[in-house]
Each structure stands twice: as structure tokens, then as C-alpha cells.
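Just below is one structure, and these are the notes that go with it.
The values are calculated or read from the model by the stated rules, or taken from the named source; none is laboratory data. None of these values were measured; they are calculated from a predicted model. Cβ: placed from backbone, ideal geometry, glycine included. Neighbour counts: every protein chain shown.
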Amino acid sequence: MKVLVVGGGGREHALCWKLKRSPSVSEVVCAPGNPGIAHDARCVNVGAEDIDALMKLARDEQPKLVVIGPEVPLVLGLADQLRAEGFAVYGPDQAAAELEGSKTFSKRLMHEAGVPTARFEVHTDADAAEEAIRSWGAPIVIKASGLAAGKGVIVARSVDEAVHAARDMLAGNSFGDAGSQVVIEECLVGEEASCLFLVSGDTILPLASSQDHKALLDGDKGPNTGGMGAYSPAPCVTDDIANEVLERIARPIIAALKKRGAEFIGTLYVGVMLTDEGLKTLEFNVRFGDPECQPLMSRLKSDLGEVLLAAAEKRLDGISLEWDDRMALCVVVSSDGYPGSFSTGEAIGGLDEIEAAGTTVFHAGTAEKSGIIVNSGGRVLGVTALGATVSEAQATVYGALKKLDWPGGFYRRDIGYRAIERE
Ligand code: AMP
Ligand code: GLY
């Protein structure tokens with residue numbers, strides 16, 4: 001079958017890479033894709049947020065399945081429009097995508113469904129937000145309610161930092177409209193994990209566990225980013241914990257959405273914190289994690305095309321997933337300066353040598369200029385390897401990265417350290 005993938009980041013490269021290797025798939029088309037994806041799919045220059053152009057592309061291409069990678073087109077209602085025209089789509093409708101599109105909606109639904117999460121308040125007025133922050137005290141977490149590419153969360157160590165962040169968001173300075181509502185949250189302490197589920201109506205199929213590193217710097221220090229590296233499985237997610245996430249978080253939230261008339265087809269990403277008081281939900285996303293998708297696809301042995309089509313056609317109940325027993329680890333190489341400002345158009349050399357050293361290089365923010373790969377975004381590469389242990393996979397990736405010829409490239413040196421401590 002022909003599959004159309006929407007998106008052009010590292011997650012979409014991993015999806016296209018796996019789809020190309022799926023026996024059920026004969027052709028992969030990707031909009032807009034990137035130079036790495038071009039090895040696994042035919043890239044079409046249509047932006048992932050241009051809904052009208054994507055609809056026209058689907059009509060022209062007539063794919064058997066459309067897989068929507070990023071959150072923005074989901075929140076804009078691309079899946080609804082495609083389904084209305086009879087396409088099989090993997091990705092939730094707009095109403096269900098609110099789970100990610102609005103943290104206010106998401107927190108209120110968690111509360112309603114009895115899903116464990118941090119105590120919270122929603123504010124639209126800066127003075128009221130400041131009063132609440134001062135009465136709660138620090139540390140405290142301030143979140144822009146809308147989409148902010150993983151950067152809209154400030155874990156404030158002091159009251160002043162929190163007040164400043166909330167005022168900045170509410171004034172529209174830092175995240176535009178996304179910050180017109182802020183969620184203030186109790187600060188949780190513990191280890192984080194990503195638990196992803198393939199969902200199709202009432203069928204919820206867990207994927208292998210994973211863990212990402214959201215902070216920019218070694219030791220999980222510095223500002224939050226979209227994710228600087230990830231690995232799968234996450235040793236802290238025992239079978240009991242995985243089951244608890246399914247029963248206490250995923251099932252009730254999908255049921256609560258359904259009660260509101262929003263059926264979910266797509267990936268439910270549950271970000272959890274394992275605290276001393278038990279499991280707490282940090283966030284929901286309505287798509288694969290980026291970079292979690294890169295190690296997950298590296299380990300998945302099942303035919304991804306068949307699985308996602310079954311979900312899109314509400315036949316997921318008969319499906320089970322097979323995984324490579326090895327660990328997979330992905331290190332993100334970003335442009336120096338990200339998540340702040342950075343320069344683009346710098347030549348990136350050594351990519352073939354990095355792959356020859358036993359890794360798969362997933363492209364994110366890359367472009368091609370006169371036959372040379374250059375950086376075009378914040379997160380640029382996801383260098384991924386399998387290994388019998390996390391240490392082994394990590395050694396392969398960092399060994400390979402010695403071949404990277406890009407002075408403006410930045411990456412963390414400790415991806416996987418928590419899992420390695422457990423080993
Ligand atoms: P979110 O987008 O809501 O997952 O937040 C991004 C990151 O901020 C999370 O992965 C956590 O590292 C951190 N974070 C979010 N909420 C909290 C919280 N209530 N307490 C502590 N850290 C948090
Ligand atoms: N890696 C976190 C996310 O995809 O939101």
C-alpha cells in the first residue's frame with residue numbers, strides 16, 4: 001500500500017524508515033520530509049501545517065493510509081478533514097487532540113476522570129497568578145496552556161522566577177497566544193518516563209517504554225527542550241508500573257474523552273513521574289514522542305504499516321507487537337544556541353561515517369544546499385544505535401559521533417545515564 005506521512009522531523013524520519021521496511025508498504029510519501037527522509041520516502045514540498053495543501057496532496061496521491069506525525073496539524077483538525085473525505089487516518093481528530101493542544105483542558109479532564117496528576121490552578125490574569133504563586137511558594141511549575149514545542153514549561157526554583165515567567169506568558173511575550181492561559185502546578189520530584197499507547201476506539205495497545213532527556217545540559221540541567229535524547233526500554237518502568245499507567249491513566253482518560261464525544265485514534269503519549277507518593281501524570285501528547293520514536297522504531301519488529309492501518313480502521317484488537325530485545329538509544333545533535341537562537345546553513349560532515357560506525361542517523365532540522373547537508377532547525381540529527389545494554393548502545397552512539405564534522409553541533413554526553421546507573 002501507499003502511505004502518506006505528514007511531518008519532517010526526526011520522529012517522521014523514524015516512521016518513514018520503519019514504514020519503508022514494512023512488508024505491507026510499497027510506497028511512502030512524506031510532506032514535507034527532509035534530506036534524510038528522502039532516502040526512505042518520496043518527499044513532497046508541502047508544509048506540515050498547511051492543511052489545505054495537505055488535503056489537496058491526499059486527493060492527488062490517494063494513499064491507503066495517512067499518518068500524521070506532529071501535533072500542530074492534529075490540533076488544526078487535519079485528521080477530521082481527511083476522515084470526512086474517506087481517508088484512513090492514523091492520528092486523532094481535533095476534539096481529542098485538545099488533550100495536547102490545551103493543558104487547561106487536559107488538566108481539567110484528568111481531574112474529572114480521577115487520573116493522578118499534580119495539583120494545579122489555571123490563570124488568565126497576571127495579578128491573580130502572582131497572588132497564587134506567592135501563596136503556593138517555590139519550587140513551582142508554570143506552564144503555557146497552548147502548544148509551545150516542548151518549551152512552554154518553566155520549573156521555577158524561586159517565587160520571583162515563577163512570577164516573572166507567568167507574567168511574561170500572560171503578556172504574550174514568550175509564547176504568543178499559547179500563553180494567554182497559564183497553568184500553575186505543584187512541583188513533582190522523581191524519575192520521568194514516557195509510556196506510549198496505540199489507541200483505536202476502546203482498544204489500547206501499549207508500546208515499549210522509553211525515557212527522554214528534556215533538559216538541554218548534562219545531568220538534566222538547563223532549560224527544557226523538545227528532547228535531547230531518548231532510550232527504550234526505560235528500566236524504571238516495571239511491568240507493574242506499565243500496567244498501572246494503562247489502567248489508572250490511559251484507560252480513564254480515553255474513556256473521559258469518549259464521554260465527551262471524542263473518539264481517539266492515534267498515539268496517546270503519557271508523560272509520567274514516578275514520585276514517592278506514586279505515579280503522577282505530567283502531560284499527554286497525542287502523537288509519538290520525538291525523540292522517543294527513534295529508539296522505539298529501531299526496536300519494533302512488527303509491520304508498522306499493518307499496525308497503523310489496523311488502528312485507523314478500528315481493527316487494532318487482533319494486533320500484538322513484537323520488539324527487539326536489545327536496548328535502543330538516540331542522542332540528539334542540536335544547533336549550538338538551541339532552544340534559544342542559533343545560526344543555520346552550516347555544513348554537516350561525517351554522516352556516512354557515523355552510520356558506518358553502527359548507527360542509524362535520523363534527520364530532523366536538516367536541509368540540502370548544493371548537494372551538502374546543512375542545519376536548518378534546532379534539533380538536527382538523532383543518532384541511534386541498538387545494544388545488549390544501555391551502556392553498549394551509548395558507547396556505539398558516542399563512538400560514532402566522534403566522526404561528526406560540524407563545529408556548530410551540540411549534544412549531551414550523558415544520554416541514558418539513569419538507566420546505566422541501574423545496570
Ligand atoms: P510537560 O510538557 O508538561 O511534560 O513538561 C515538560 C517537562 O517539565 C516535564 O518533562 C518535566 O521534566 C517538567 N515538569 C512538568 N510538570 C512538572 C511538575 N508538575 N513538576 C516537576 N516537573 C515538571
Ligand atoms: N520528547 C517529548 C515529546 O515528544 O513531547
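Computed quantities for the displayed model
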| read-out | value |
| --- | --- |
| Any hit, the range 384-395, residues being farther than 17 Å from Met327 by Cβ and touching a Leu at 6+ places or on another chain (Cβ under 6 Å) | no |
| Residue in the range 119-133 that is closer than 29 Å to Pro295 by Cβ and not charged (D, E, K, R) present | no |
| Counted residues, the range 384-395 - those being among the small types (Gly, Ala, Ser), part of a strand (DSSP E or B) and crowded, with 21+ Cβ neighbours inside 10 Å | 1 |
| Residues that are on the phi > 0 side of the Ramachandran plot and free of Cβ contacts under 8 Å to residues at least 24 places away in the same chain, drawn from the range 148-175 | Gly172 |
| Condition met for Gly91 (touching a strand residue (DSSP E or B) at 6+ places or on another chain (Cβ under 7 Å) and not hydrophobic (A, V, I, L, M, F, W, C)) | yes |
| Residue match in the range 360-383 (condition: out of contact with any Ser or Thr (no Cβ under 6 Å at 6 or more places or on another chain), at pLDDT 95 or above and either at positive phi or part of a helix (DSSP H, G or I) (or both)) | no |
| Residue count for the range 175-188, restricted to those that are in contact with a strand residue (DSSP E or B) (Cβ under 6 Å, 6 or more places away or on another chain) and near ligand 1 (Cβ under 10 Å from one of its atoms) | 5 |
| Scope the range 303-335; condition among the hydroxyl-bearing types (Ser, Thr, Tyr) and within 20 Å of Tyr411 (Cα to Cα); matching residues | Ser334, Ser335 |
| Selection count, the range 396-418, where residues are outside any loop (DSSP other than H, G, I, E, B) and of a type in the set (A, V, I, L, M, F, W, C) | 4 |
| Residues that are basic (Lys, Arg) and away from ligand 1 (no atom under 15 Å from the Cβ), drawn from the range 247-284 | Arg248, Arg251, Lys258, Lys259, Arg260 |
| Those strands (runs of 3 or more DSSP E) lying entirely in the range 211-303 with at least 3 residues modelled with pLDDT under 95 and either away from ligand 2 (no atom under 16 Å from the Cβ) or surrounded by fewer than 19 Cβ atoms within 10 Å (Cβ to Cβ) (or both) | 221-224 |
| Tally, over the range 156-204, of residues that are under 22 Å from the mean Cα position of the chain (by Cα) and part of a helix (DSSP H, G or I) | 4 |
| The range 108-117, residues that are surrounded by fewer than 19 Cβ atoms within 10 Å (Cβ to Cβ) and in contact (Cβ under 8 Å) with a residue 24 or more places away in the chain | Glu112, Ala113, Gly114, Pro116 |
| Sole exception among (1) within 16 Å of ligand 2 (Cβ to nearest atom); (2) among the aliphatic types (A, V, I, L, M); (3) surrounded by fewer than 18 Cβ atoms within 10 Å (Cβ to Cβ) for Ala144, by number | (3) |
| When residues of the range 172-197 are limited to those that are under 20 Å from His213 (Cα atoms) and more than 16 Å from ligand 2 (Cβ to nearest atom), the one surrounded by the fewest Cβ atoms within 10 Å (Cβ to Cβ) | Val189 |
